Amino acid sequence: MRKSLLFVLGALFTTLTILTIQAQTHKSLPQNAKDYLSKHFKDYTINHYEKDRDIIDIEHTVYISNTKNIYKLEFNEKGVVQKIESKNRNSNLPKSVLSVKITEYVNKNFPNAQIIEWSRDNNKQVIELDNDLELVFDKKGNFVRIDD
């Protein structure tokens, strides 16, 4: 009986510790990232958050969901979004996260395709369609090429 009680208390302590760590971890998400999530994903709940450090950078990864979809978002150390990925291949990214130029180009040239991933670096933006095509755009949203 004593071992069972100790086991239950240990499990309860572990669960509370994990929940406390997760709650504190959300607090370390940069304000810019929080603002971005509030603006573009206001009806979503944060399910998981990771803060990764390497020698040069800090990356914040957030998994969010609602009843329809799950998204993975990656932010740099300043809270600027670098990548958004839909975990449901049948679900477009929200239009508000993409430039008008990119959305118009995809609608015109790939009217039946869903945009399921977007990423950026210093010089380009890349989107992935649900037909596995990757489209490369410059940082202003002008089409550059198709990568396959």
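The values are calculated or read from the model by the stated rules, or taken from the named source; none is laboratory data. Computed from a prediction, not measured in an experiment: that's the story for all the values here. When we count neighbours, we look across all protein chains shown, and the Cβ atoms used for this are built from the backbone with ideal geometry, even at glycine.
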Worksheet entry | Total residues in the range 95-121, condition in a loop (DSSP other than H, G, I, E, B) and closer than 23 Å to Lys39 by Cα | 4
Worksheet entry | Failed item, numbered, when Asn92 is tested on (1) modelled with pLDDT under 90; (2) surrounded by 13 or more Cβ atoms within 10 Å (Cβ to Cβ); (3) part of a helix (DSSP H, G or I) | (3)
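To keep it simple, each residue is scored yes or no on (1) closer than 26 Å to Leu93 by Cα; (2) in contact with a helix residue (DSSP H, G or I) (Cβ under 6 Å, 6 or more places away or on another chain); (3) modelled with pLDDT under 80; (4) surrounded by 10 or more Cβ atoms within 10 Å (Cβ to Cβ).
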| site | (1), (2), (3), (4) |
| --- | --- |
| Arg2 | no, no, yes, no |
| Thr14 | no, no, yes, yes |
| Ile18 | no, no, yes, yes |
| Ala33 | yes, no, no, yes |
| His48 | yes, no, no, yes |
| Asp52 | yes, no, no, yes |
| Ile56 | no, no, no, no |
Worksheet item: Does any residue of the range 68-75 turn out to be surrounded by fewer than 14 Cβ atoms within 10 Å (Cβ to Cβ) and assigned to a loop (DSSP other than H, G, I, E, B)?
Response: yes
